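J.: This is the structure I want to talk about, given as structure tokens.
The values are calculated or read from the model by the stated rules, or taken from the named source; none is laboratory data. Small disclaimer: the values here were computed from a predicted structure and weren't measured. Reconstructed Cβ throughout: ideal geometry from the backbone, glycine too, with neighbour counts over all protein chains shown. Please note that ligands, DNA and RNA were not included when accessible areas were found on the heavy atoms of the full protein model with its side chains. Shrake-Rupley method; radii C 1.70, N 1.55, O 1.52, S 1.80 Å.
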Amino acid sequence: MTPTASLHDVPERLAAELCAADRWLVLTGAGASADSGVPTFREAQTGLWARYDPQQLATPGAFVDDPRLVWDWYCWRRELIATAQPNAGHFALAEIAKLKPELRLVTQNVDGLHQRAGSADVIEFHGSIERNRCFDCERPAAGVPVSSSGPPPCPECGGLLRPDVVWFGEAIPPAALEAAFAAAAKAEVYLSVGTSAAVYPAAGLAEVAAAAGATIVEINPTPTPLSASADHVLEGTAAAWLPAIASTLVEAVS
Ligand code: APR
């Protein structure tokens, strides 16, 4: 069990730094959705999918070998995500962004929970499980009926549709990469939430922000490679600490 953070747990010096800063860059990872019950790739799968390794299914090679298997696995993940709800951390981030309109939010999650909690202009590093595109011609495909009976054909070229997510071995969408690193280069606060901070290029955002003089803050129940160099480590969950940060900001303006 991690302790539940209250308003008073945000260290005073950090609270002052957070209140004074306008340009925030927040990077979230799988841990931000953990309290919503979304299973991560590193967790054991359940039920029908228990014998498959997600890190082997989420690759272009797996899709070429067995498109139906990969598609059906994503249908299962989509159903899980559709029944999940944003947690207190997602809602707090949307609230923080109202108080700090220059905040940029980058997520490695494909579940759309930040958007459902009210965050706008989310920079999606790994795409979105809610969209599809063609594996061959890469055009987005909206409004195509999807079901768990293999990938439907692309309406444009007849190729196979795939989820619009970034698989292992694929590049981050260039626009997302550019927007995130531009925000890192002028960040006053860099907040890493629920990410192992080990997967590049996302992990490199902290280095760019630190070089720009940003205060580096981490929220995670366990240490990561970022912890040693962070200015503040808030040990615990996103659902506990983000509301505490939001309350600190609200109290400062009231
Ligand atoms: N609140 C905050 N952090 C949490 C919580 C929680 N409730 N629960 C777990 N964590 C932390 C873990 O301690 C871990 O450091 O979240 C982190 C999740 O790490 P990863 O599973 O490595 O997720 P992420 O950093 O998003 O991975 C990056 O790698 O698996 C691929 O493409 C996938 O987007 C993913 C990328």
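J.: Taking only the alpha carbons of the stretch 139-226, what extent do you get along each of the three principal axes, in Å, biggest first?
T.: 50, 28, 22
J.: Percentage of Cα-Cα pair distances in the stretch 104-165 greater than 13 Å, rounded to whole percent? Kindly include the intermediate steps, with their values, before the conclusion.
T.: On the way: 1174 of 1891 pairs.
Across the stretch 104-165, Cα pairs with separations above 13 Å total 62 percent.
J.: Could you identify which residue out of 13, 133, 68 has the top mean-square fluctuation in a GNM of the chain using Cα springs shorter than 10 Å?
T.: 13
J.: Sequence gap at least 6, Cα distance under 8 Å: using those rules, report the relative contact order of the chain to the nearest whole percent. Write out the running numbers ahead of the final one.
T.: Values: 455 pairs, mean separation 70.1, N = 254.
RCO, the chain: 28 percent.
J.: If you don't mind, another one. Tell me, Kirkwood radius of the stretch 38-132 from alpha-carbon pair distances, in Å? Mind dumping the intermediate values first?
T.: Details: mean 1/r = 0.0675 Å⁻¹.
One decimal place: 14.8 Å for the Kirkwood radius.
J.: Quick query: amide H of residue 131 versus all other amide H atoms, modeled in the peptide plane; which residues come in under 5 Å with a sequence gap of 5 or more or a different chain?
T.: 164
J.: Could you give the length gained by full extension between residue 171 and residue 254, i.e. 0.36 nm per residue of separation minus their alpha carbon distance, to one decimal place?
T.: On the way: separation 83, 0.36 × 83 = 29.88 nm, distance 4.40 nm.
Computed gain between residue 171 and residue 254 is 25.5 nm.
J.: Further question on the same structure: Work the Kirkwood hydrodynamic radius out for the stretch 106-254: mean of 1/r over every pair of different alpha-carbon atoms, inverted, in Å. Please list the in-between numbers first.
T.: Numbers: mean 1/r = 0.0573 Å⁻¹.
Evaluated over the stretch 106-254, this radius sits at 17.4 Å.
J.: Using helices alone, what [θ] at 222 nm do you get for the chain, with -39,500 (n - 2.57) per DSSP H run of 4 or more residues, divided over all residues and rounded to the nearest 500?
T.: Working: 9 runs with 88 residues, N = 254.
Value at 222 nm, helices only: -10000 deg cm²/dmol.
J.: Further question: Give me the distance between the Cα centres of the stretch 21-36 and the stretch 174-197, rounded to whole Å.
T.: Rounded to whole Å, the Cα centres lie 10 Å apart.
J.: If you don't mind, there's one more thing I want to ask. For a protection proxy built on the mean count of beta-carbon atoms within 10 angstrom, sort 241-249, 219-227 highest first, please. Numbers along the way, then the final one.
T.: Values: 241-249: 22.4, 219-227: 17.9.
The packing order, highest mean first, is 241-249, 219-227.
J.: Also, quick follow-up: Using the Kyte-Doolittle scale, find the helices of the chain whose mean hydropathy is at least 1.6 and whose Cα atoms extend 18 Å or more along the helix's long axis, counting only whole DSSP H runs. Provide the component values of the computation, followed by the final result.
T.: Values: long enough: 67-83 (24 Å, -0.36); 238-253 (23 Å, 1.49).
Both cut-offs are met by no helix.
J.: Compare 49, 167, 76 in a GNM of the chain, Cα atoms joined below 10 Å, and give the one with the largest fluctuation.
T.: Maximum fluctuation in the GNM of the chain, among the listed residues, is at 49.
J.: Quick one: pull the percentage of alpha-carbon pairs in the chain with a separation above 23 Å. Numbers along the way, then the final one.
T.: On the way: 16553 of 32131 pairs.
Tail fraction, whole percent: 52.
J.: Counting heavy atoms of the protein chains only and a 1.4 Å probe, report the per residue accessible area for the stretch 108-213 as a whole number of Å².
T.: Values: 4800 Å² over 106 residues.
That works out to 45 Å² for each residue.
J.: Add +1 for every Lys or Arg and -1 for every Asp or Glu among the other residues with Cβ under 13 Å from the Cβ of residue 32, and state the total.
T.: Numbers: positive: 116; negative: 35, 111, 218.
Local net charge: -2.
J.: Where the accessible area of the chain is counted over protein heavy atoms with a 1.4 Å probe, how much of it, in %, is carbon and sulfur? Mind showing how you got there, number by number?
T.: Values: 6590 of 12030 Å².
Using a 1.4 Å probe with all protein chains present, the chain comes out at 55 percent carbon and sulfur.
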